[in-house]
Amino acid sequence: MADKAFITSEILKWARESANISVEDAAKKVSVSRERYLTWEDRNDFPTIRQAQILAKSFRRPFSLFFLPEIPKDFQPLQDYRRDDAQKLDTASLFIIRDVQEKQNWISELFEEIGEDKLPFVGKYSINDNPEIVARDILDTLKISPNNYQETPINEWIEKAETAGIFISRASYLHSHLVLDRDLIQGFAIADKFTPFVFVNSKNWNAPQLFTLVHELAHIWIAKSGISNEIDIDFTDKPKSKFHPVELFCNQVAANALMPRELIIQLGTDTFDTNDLLFKQAKELGVSSFALLVRALNLNLISQSQYRILKQDAQDEFEKFLEREKIKKEKQRERKGGPDAYLLRLNKNSKLFTRIVMDSFNNGSLSPSIASNLLNTQINKFQKFEKLLA
């Protein structure tokens, strides 16, 4: 008979519930009945060591944690700024939040220990400030000029943000069975004074990802850690009362940072004569045609009737664009066998975070096991990251 794992039943139940996994799904993971599984949570029996190890992995908790006498103090849940009617976060969303919190916690403790200075822009403003002023401070701090991008806008924003000390994580899934839903979570921010982290769901295409990124940077500037979805500049057809004031403010900051008033006014009204011109200008700014249209409407560069007509045309063009992008990605996948797995992992870890962990490992201040766990990569594969970071 297999050896039993004398785990703490309350911790088993807590680990399952905090991962938003049902009793039925937990039982399936170890091939037992629902009734059999419940005997373990009800203190009437114990799983085998192998079963407990599988459950620990499924709930993304250390196996040793199951043997503690009481439930440990977990990471504080992030403020949920999503709409009141938003769906409950699923397992994938909870796991990506926990993954980023673990990284942020480790790097924050390291920075405090070595005496790193606090970042002056974290919490520099509040939602009572003018969003244009906050947007200008973000642009000045990161040294970004929306009218003069040197590379793809989203890549430049990420590079400049990480240069300033903000860790940027992007991912669309944890693994093949845990894919992130962009309708549940588009992004979140951890506004730590030493090591602020921003996560962006990369399930979307580049323009909404960039808007999400800058929206989350606004969260850092007002020190409001939290989870976002429905990040959308277009509130013209939606009651603002449905949205949290922090989300509305951060959207305004993002719109002002990506499309500064003086820059949009200089474009001239002819930019909005045709969808081709609109799309071309939006692409240069790294935003969607919809975002640029709403910005023009709010700045009185176009009328409500123009907006409605152009918005419908933009919607039609957008659907065609998505179809073209889908075909292009499928061809790239067939040619290359899909995106580089290590590049995806690097983006998920954050390039800045990866570089710091590898430097700590290389100088002997970080053990191989911890470095491997932090980057979710075997030590002998670290050279893959080195090539990508070069």
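The values are calculated or read from the model by the stated rules, or taken from the named source; none is laboratory data. In this text, all values refer to a predicted model and were calculated from it rather than measured experimentally. Reconstructed Cβ throughout: ideal geometry from the backbone, glycine too, with neighbour counts over all protein chains shown. Areas reflect the complete protein model, heavy atoms only, side chains present, ligands, DNA and RNA absent. Shrake-Rupley method; radii C 1.70, N 1.55, O 1.52, S 1.80 Å.
Between a residue in segment 93-109 that is under 16 Å from LEU352 (Cβ atoms) and any residue that is hydroxyl-bearing (Ser, Thr, Tyr) and crowded, with 19+ Cβ neighbours inside 10 Å, which pairs come within a Cβ distance under 8 Å, given they are 6 or more apart or on different chains?
VAL100/SER169; LYS103/SER169; LYS103/SER350; GLN104/THR195; ILE107/THR195; SER108/THR195
Collect the residues in segment 10-50 that are more than 22 Å from ALA92 (Cα to Cα), among the polar types (S, T, N, Q) and outside any loop (DSSP other than H, G, I, E, B), keeping them in residue-number order.
Selection gives THR39, THR48.
Considering only segment 116-124, I want to know if a residue exists there that is modelled with pLDDT of 95 or more, in a helix (DSSP H, G or I) and either more than 14 Å from LEU217 (Cα to Cα) or not basic (Lys, Arg) (or both).
no
Return the only residue of ASP137, ASP117, ASP80 being among the acidic types (Asp, Glu) and within 20 Å of the chain's Cα centre (by Cα).
Going through ASP137, ASP117, ASP80 in turn, the sole match is ASP80.
Report, by residue number, each residue of segment 46-71 that is exposed (fewer than 15 other Cβ atoms within 10 Å of the Cβ) and without any contact (Cβ under 8 Å) to a residue 24 or more places away in the chain.
Answer for segment 46-71, where residues must be exposed (fewer than 15 other Cβ atoms within 10 Å of the Cβ) and without any contact (Cβ under 8 Å) to a residue 24 or more places away in the chain: LYS57, PRO62, SER64.
Of everything in segment 134-177, what is surrounded by fewer than 17 Cβ atoms within 10 Å (Cβ to Cβ) and within 17 Å of ASN204 (Cβ to Cβ)? Give them in sequence order.
Once the filter is applied, which keeps residues that are surrounded by fewer than 17 Cβ atoms within 10 Å (Cβ to Cβ) and within 17 Å of ASN204 (Cβ to Cβ), segment 134-177 yields THR152, ASN155, TYR173.
Just name the residue that is least open to solvent (accessible area, probe 1.4 Å) out of those in segment 264-312 that are among the acidic types (Asp, Glu) and farther than 27 Å from LEU213 by Cβ.
Per the stated criteria, the residue is ASP270.
So which residues in segment 72-100 are hydrophobic (A, V, I, L, M, F, W, C), open to solvent by 40 Å² or more (accessible area, probe 1.4 Å) and in a loop (DSSP other than H, G, I, E, B), if there are any at all?
Hit for segment 72-100 is PHE75, nothing else.
Only strands (runs of 3 or more DSSP E) wholly contained in segment 147-225 count here; list those with 3 or more residues that are in contact with a Leu (Cβ under 9 Å, 6 or more places away or on another chain) and not aromatic (Phe, Trp, Tyr).
On the way: elements: 167-171, 173-175, 187-190, 197-201.
Qualifying strands (runs of 3 or more DSSP E): 167-171, 187-190, 197-201.
Condition check ((1) touching a strand residue (DSSP E or B) at 6+ places or on another chain (Cβ under 7 Å); (2) closer than 22 Å to LEU184 by Cβ) across all residues:
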| position | (1), (2) |
| --- | --- |
| ARG50 | no, no |
| GLU70 | no, no |
| LEU89 | no, yes |
| ILE96 | yes, yes |
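Please list, ordered by first then second residue, the pairs with beta carbon atoms under 8 Å, 6 or more apart or interchain, first in segment 13-26 and charged (D, E, K, R), second open to solvent by 70 Å² or more (accessible area, probe 1.4 Å).
Qualifying pairs under 8 Å: GLU24/ARG34.
Is it true that some residue in segment 252-263 is over 26 Å from ASP129 (Cβ atoms), surrounded by 20 or more Cβ atoms within 10 Å (Cβ to Cβ) and either at pLDDT 80 or above or out of contact with any Ser or Thr (no Cβ under 7 Å at 6 or more places or on another chain) (or both)?
no
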